[in-house]
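J.: One structure, as structure tokens, below. Some questions next.
The values are calculated or read from the model by the stated rules, or taken from the named source; none is laboratory data. Being a predicted model, the structure only gives us computed values, none of them experimental. Heads up, the Cβs are rebuilt from the backbone with ideal geometry, glycines too, and the neighbour counts pull from every protein chain shown.
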Amino acid sequence: MPLLSSPVRPLPARVRSVLGSSLLAGLASPHSVDRYLESVHPLWTTEGGRAQVTAVHRETDDVVTLTLQPDHAWAGSIAGQHVRIGVPSDGVTQTRTYSVSSSAHRADGRFTITVKRKDGGVVSGFLHERAVPGTILSCSAATGEVVLPEARPNRLVLVSGGSGITPVVSMLRTLADEDHGGAVTFLHYARTTDDVPFLADLRAIAARLPRVDLHIVPTGGGPGEVLTGRFEAAHLDRVAPDHRQTLTFACGPTGLIDALEEAYAAGDAGDLLQVERFTPRALVRTEGVSGGTISFARSGIEVIDDGRSLLEQAEAAGLTPENGCRMGICHTCTRFKPEGAVTDLRDGRICDTPDTRVQICVSVPAGDVVVDL
Ligand code: FES
């Protein structure tokens, strides 16, 4: 994608409406109006869905925060939501989902994402090595249901582990920008304090808002900390003894989220816990190939099941279905299944109901299946 040295504001709505007129489309033919606009600036499109990197900040050795100027299609985000970011790779756009890490109240219309580098990760690798001020990325609208309620709770617990800190830090920053007077317990698990992004900002917020109680928990142990080691229910009993009566948001790896769900369920408080996973539950094994045929209805392609996910088999057949996390979290890959049976790799359940929607990254055929692709 192109790189421009200076940020340019998206086109104003009135200009876009003129540019989107059928008269102009006719004059621009055989090309689209967007093609001419893009040659001036890639954020100038009538359709939208792009963002320009305006700043790059290294949080830790393997975590980077990018500030993004979105185009006119951006409708803002609610604290806790995520976006799908696309980067060019071998002639196609690869996308991944990242939580917004900034406050929902940024006055400049920009937002940040914070990206942990993954071994061999195409998108995280690009964002670490090649994203510089001026880089243009594709960017979806913000989505996600695990968000800060509009009526701010007077008491809140936020728990995160590793890079799961991003959506909950967005919640805390949003509350801080509102000078929130409620009590917030913020519990974050990291190997060492050196691995904690935003640490200075978190400490500054806790120092300014006396009812914010911040606990960084080094899972590898550490001198002088109130809590150490991996999450256990006793941690919450100690720093938030009222957690079974308190709305709690959590984001982190599977082990942490599973343990939290267990702790809240044991206290009959499962409905107070809202979680966002960034790693999937362990996928179940299937019996191998089903012997069925996958019919990609829209493209007219048929293949014999080879045991991989529907997404991988579609890609192997030359199709390019939209996808994001590739592990059952973001729902970007959800496609219509008019008929046939699939196994959900997360829980082993077979879905043979016709006319349903399935996440093709975590579904394998369980016999013949038709997918709208
Ligand atoms: S790509 Fe995210 S759920 Fe399938």
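J.: Quickly run through the range 345-373 and pick out the residues that are more than 21 Å from the chain's Cα centre (by Cα) and under 19 Å from T254 (Cα atoms).
T.: Once the filter is applied, which keeps residues that are more than 21 Å from the chain's Cα centre (by Cα) and under 19 Å from T254 (Cα atoms), the range 345-373 yields D347, G348.
J.: List pairs: first residue in the range 156-168 and closer than 16 Å to D213 by Cβ, second residue at pLDDT 95 or above and assigned to a helix (DSSP H, G or I) anywhere in the structure, Cβ distance under 7 angstrom, at least six positions apart or on different chains.
T.: Note: pairs meeting the criteria are V157/H243; L158/V168; L158/M171; L158/L172; V159/L260; S160/V168.
J.: Report, by residue number, each residue of the range 45-62 that is crowded, with 22+ Cβ neighbours inside 10 Å and either of a type in the set (S, T, N, Q) or closer than 24 Å to F249 by Cα (or both).
T.: Answer for the range 45-62, where residues must be crowded, with 22+ Cβ neighbours inside 10 Å and either of a type in the set (S, T, N, Q) or closer than 24 Å to F249 by Cα (or both): T45, Q52.
J.: I'd like to check something: does the range 121-143 contain any residue that is more than 18 Å from Q52 (Cβ to Cβ) and in a loop (DSSP other than H, G, I, E, B)?
T.: Yes - at least one qualifying residue is present in the range 121-143.
J.: On to the next question. Given the options S103, S138, S124, S77, name the one that is away from the ligand (no atom under 16 Å from the Cβ), hydroxyl-bearing (S, T, Y) and closer than 26 Å to M327 by Cα.
T.: So the residue among S103, S138, S124, S77 that is away from the ligand (no atom under 16 Å from the Cβ), hydroxyl-bearing (S, T, Y) and closer than 26 Å to M327 by Cα is S77.
J.: Ok, one more. Hey, among H72, H82, H105, which residue is outside the structural domain of L214 (by TED's automatic domain parsing) and closer than 19 Å to I329 by Cβ?
T.: Within the list H72, H82, H105, the selection yields H82.
J.: Name the residue that is surrounded by the most Cβ atoms within 10 Å (Cβ to Cβ), counting only residues in the range 317-362 that are within 10 Å of the ligand (Cβ to nearest atom) and at positive phi.
T.: Only one residue fits best here, namely R326.
J.: Which numbered condition in (1) surrounded by fewer than 16 Cβ atoms within 10 Å (Cβ to Cβ); (2) more than 11 Å from the ligand (Cβ to nearest atom) is the only one that V275 fails?
T.: Single failed check for V275: (1).
J.: Now a separate question. Exactly one condition in (1) away from the ligand (no atom under 12 Å from the Cβ); (2) over 27 Å from T166 (Cβ atoms); (3) not assigned by TED's automatic domain parsing to the domain that holds P167 is not met by D268; state its number.
T.: D268 satisfies every listed condition except (3).
J.: Kindly indicate whether L127 is buried (at least 23 other Cβ atoms within 10 Å of the Cβ), assigned by TED's automatic domain parsing to the domain that holds E59 and out of contact with any Ser or Thr (no Cβ under 8 Å at 6 or more places or on another chain).
T.: On the way: buried (at least 23 other Cβ atoms within 10 Å of the Cβ): yes; assigned by TED's automatic domain parsing to the domain that holds E59: yes; out of contact with any Ser or Thr (no Cβ under 8 Å at 6 or more places or on another chain): yes.
Yes; evaluated as a whole, the condition is true for this residue.
J.: Can you report the number of residues in the range 170-198 which are part of a loop (DSSP other than H, G, I, E, B), surrounded by 16 or more Cβ atoms within 10 Å (Cβ to Cβ) and over 22 Å from the mean Cα position of the chain (by Cα)? Quick ask: steps written out before the conclusion?
T.: Step one: list which residues in the range 170-198 are part of a loop (DSSP other than H, G, I, E, B), which gives 178-182, 191-192, 196-198.
Subsequent filtering for residues that are surrounded by 16 or more Cβ atoms within 10 Å (Cβ to Cβ) retains 180, 196-198.
Among the residues that remain, those that are also over 22 Å from the mean Cα position of the chain (by Cα) are: 180.
Total satisfying the criteria: 1.
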